[in-house]
Amino acid sequence: MIPIAVTAIFDIGKTNKKLLLFDEQQQIVDQYAERIGELTDEDGFPCDDLLAIRRFIFAALDRIIENPGWNLQAVNFSAYGASLVYLDENGQPITPLYNYLKPYPEELANALFEKYGGQESWSRETASPYLGSLNSGLQLYRLKIERPELFKRVNFALHLPQYCSYLLTGLHSSDPTSIGCHTGLWDYEMQDYHEWVKQEGLTEKLAPLFPGNYKERVRYKGQAFWCGIGMHDSSAALVPYLQQADKKFTLLSTGTWCITLNPFNEDPLTPQELALDCLCYLSCEGKPVKASRLFGGHEHEIQVKRIADHFQQSVEQILSVSVDENFTPIPSSFTPAPGSLIEQLAFRDRSLQGFATASEAYHQLMVDLITLQAVSIRLVVNEDIRILFLEGGFAKNELFLHFLKRAFPKLTIQLGENAQVAALGALLLVKDSVRSSL
């Protein structure tokens, strides 16, 4: 039997850690996922189990190499952003993998902004709204200020995708998509690390910046293959569309976060956009990608459970509701205010007693969610965009798609054809780089 040439992509999410095996035709030939329980950091706040992630990666590699039906050609990683792994001089993590949802000390952030021209200019220049621990640069700064002795021991601070790659390559690297995703590290005007990062001595802790398609030749248990340096999952999701689209488009990537990415909007971020959670990402080529974010999937999960509990139904029953064309939504006068749009969700304040059925309540929830989603989309979609690609969890939601089309009748909404689009993006990068080197 001739073994099948495969590329392994590890997609490390907050909820699921996945392995996907692709053949030469970019088809998935094997996959599996593992839910890894959380630990707590020194403050008792939940965090990912870094050692368990490491075990998952090596166990998966062992499984591939020991299978005579596979011939491993390459490996790459897509992973969530805003998480740093602090390595000592021996390459060992010296802190937990701190959670990007961990509360950030306001006084610490305010002192930094005061020192470097104020929050508004800091956010504009770094294309990063202030998001606390979601700004990974502020995580590194916090370590420096609150735990200086530990900070001195840090040899390199790697974002999670690059740490996963480091486990195989031993290479300390940074990639554009991780450095540029709401980190507060990158100056989009100067196309370099921001001055505050240099002045605070953080650059000496950050690994050298490599192109997104960089790869290293690796040998593991007698098997030689290429290994990419990994990338931020939201930016990875954009790669297949950029490679295939022949017209301008925007991508709405849905999951825990609903992120609208418009690589064709070159307008500078305004103070209003920054206040409503707009930002810029860096593409794997280092080009700005204007984006807006909504914590929609997370809120949807909470509210669906609330509806299910009230009407004594299962979550699955609520999610299986079909579109009722006769449904009349409760009107709401919504004016976006600074801060997270999701905090302004009207459904949060609605009593479920006013709904006769679970279907009626769920329809109203989706109307309210789409009201916010439409605001988020319009923040970055300009007039020359006529196509919106919808991918991720909400692409399978009949009500979400129905009300989204109503909100944007002039847009052609196309469903993403690949459910694992972030993994596909990481695959395309490592395959392209492998081909160019052979």
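The values are calculated or read from the model by the stated rules, or taken from the named source; none is laboratory data. None of the values given here were measured: they were computed from a predicted structure. Counting neighbours? That spans all protein chains shown, and the Cβs are built from the backbone with ideal geometry, glycine included. When the accessible area is computed, the model is the full protein with side chains, heavy atoms only, and any ligands, DNA or RNA have been set aside. Shrake-Rupley method; radii C 1.70, N 1.55, O 1.52, S 1.80 Å.
A compact table of results
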item	result
Residue match in region 77-84 (condition: more than 13 Å from Leu160 (Cα to Cα) and surrounded by 14 or more Cβ atoms within 10 Å (Cβ to Cβ))	no
Whichever residue in region 375-399 is without any contact (Cβ under 8 Å) to a residue 60 or more places away in the chain and part of a helix (DSSP H, G or I) and, among such residues, is farthest from Phe295 (Cα to Cα)	Lys396
Residue match in region 63-72 (condition: touching a residue at least 24 places away in the same chain (Cβ under 8 Å), under 22 Å from Ser178 (Cα atoms) and part of a strand (DSSP E or B))	no
Some residue of region 203-224 being among the acidic types (Asp, Glu), within 21 Å of the chain's Cα centre (by Cα) and either in a strand (DSSP E or B) or closer than 23 Å to Leu87 by Cβ (or both)	no
Selection from region 103-127 of residues that are out of contact with any Cys (no Cβ under 8 Å at 6 or more places or on another chain), under 23 Å from Cys278 (Cβ atoms) and in a loop (DSSP other than H, G, I, E, B)	Pro103, Tyr104, Tyr116, Gly117, Gly118
Hey, Thr256 out of contact with any Pro (no Cβ under 8 Å at 6 or more places or on another chain) and open to solvent by less than 20 Å² (accessible area, probe 1.4 Å) or not	no
In region 183-198, the residues that are outside any loop (DSSP other than H, G, I, E, B) and touching a residue at least 12 places away in the same chain (Cβ under 8 Å)	Trp186, Asp187, Tyr193, Glu195, Trp196, Val197
Residue satisfying all of: in region 238-253; part of a helix (DSSP H, G or I) and surrounded by fewer than 14 Cβ atoms within 10 Å (Cβ to Cβ); modelled with the highest pLDDT among these	Gln243
Any hit, region 263-279, residues being touching a Lys or Arg at 6+ places or on another chain (Cβ under 9 Å), open to solvent by less than 40 Å² (accessible area, probe 1.4 Å), of a type outside the set (Val, Ile, Thr) and free of Cβ contacts under 8 Å to residues at least 60 places away in the same chain	yes
In region 207-221, residue surrounded by the fewest Cβ atoms within 10 Å (Cβ to Cβ) [restricted to those that are out of contact with any Pro (no Cβ under 8 Å at 6 or more places or on another chain) and touching a residue at least 60 places away in the same chain (Cβ under 8 Å)]	Lys221
Residues of region 166-184 that turn out to be touching a strand residue (DSSP E or B) at 6+ places or on another chain (Cβ under 6 Å) and either buried (at least 24 other Cβ atoms within 10 Å of the Cβ) or among the β-branched types (Val, Ile, Thr) (or both), as a count	8
Residues (part of a loop (DSSP other than H, G, I, E, B) and either within 27 Å of the chain's Cα centre (by Cα) or at positive phi (or both)) located in region 336-374	Pro336, Ala337, Pro338, Gly339, Ser340, Leu345
Residue, surrounded by the most Cβ atoms within 10 Å (Cβ to Cβ), within region 303-334, restricted to residues that are under 28 Å from the mean Cα position of the chain (by Cα) and β-branched (Val, Ile, Thr)	Ile307
Residues (more than 16 Å from Glu299 (Cβ to Cβ) and at pLDDT 90 or above) located in region 332-362	Ser351, Gln353, Gly354, Phe355, Ala356, Thr357, Ala358, Ser359, Glu360
Any pair with Cβ under 8 angstrom, 6 or more apart, that starts in region 163-178 at a residue that is more than 17 Å from Ile53 (Cα to Cα) and part of a loop (DSSP other than H, G, I, E, B) and ends at one that is open to solvent by less than 20 Å² (accessible area, probe 1.4 Å) and small (Gly, Ala, Ser)	Leu171/Ser165; His172/Ala207; Ser173/Ser165; Ser173/Ala207; Asp175/Gly212; Asp175/Gly230
Residues (out of contact with any Leu (no Cβ under 6 Å at 6 or more places or on another chain), open to solvent by less than 80 Å² (accessible area, probe 1.4 Å) and not small (Gly, Ala, Ser)) located in region 285-298	Pro288, Lys290, Arg293, Phe295, His298
Among (1) surrounded by 13 or more Cβ atoms within 10 Å (Cβ to Cβ); (2) free of Cβ contacts under 8 Å to residues at least 60 places away in the same chain; (3) hydroxyl-bearing (Ser, Thr, Tyr) - the single one Ser340 does not satisfy	(2)
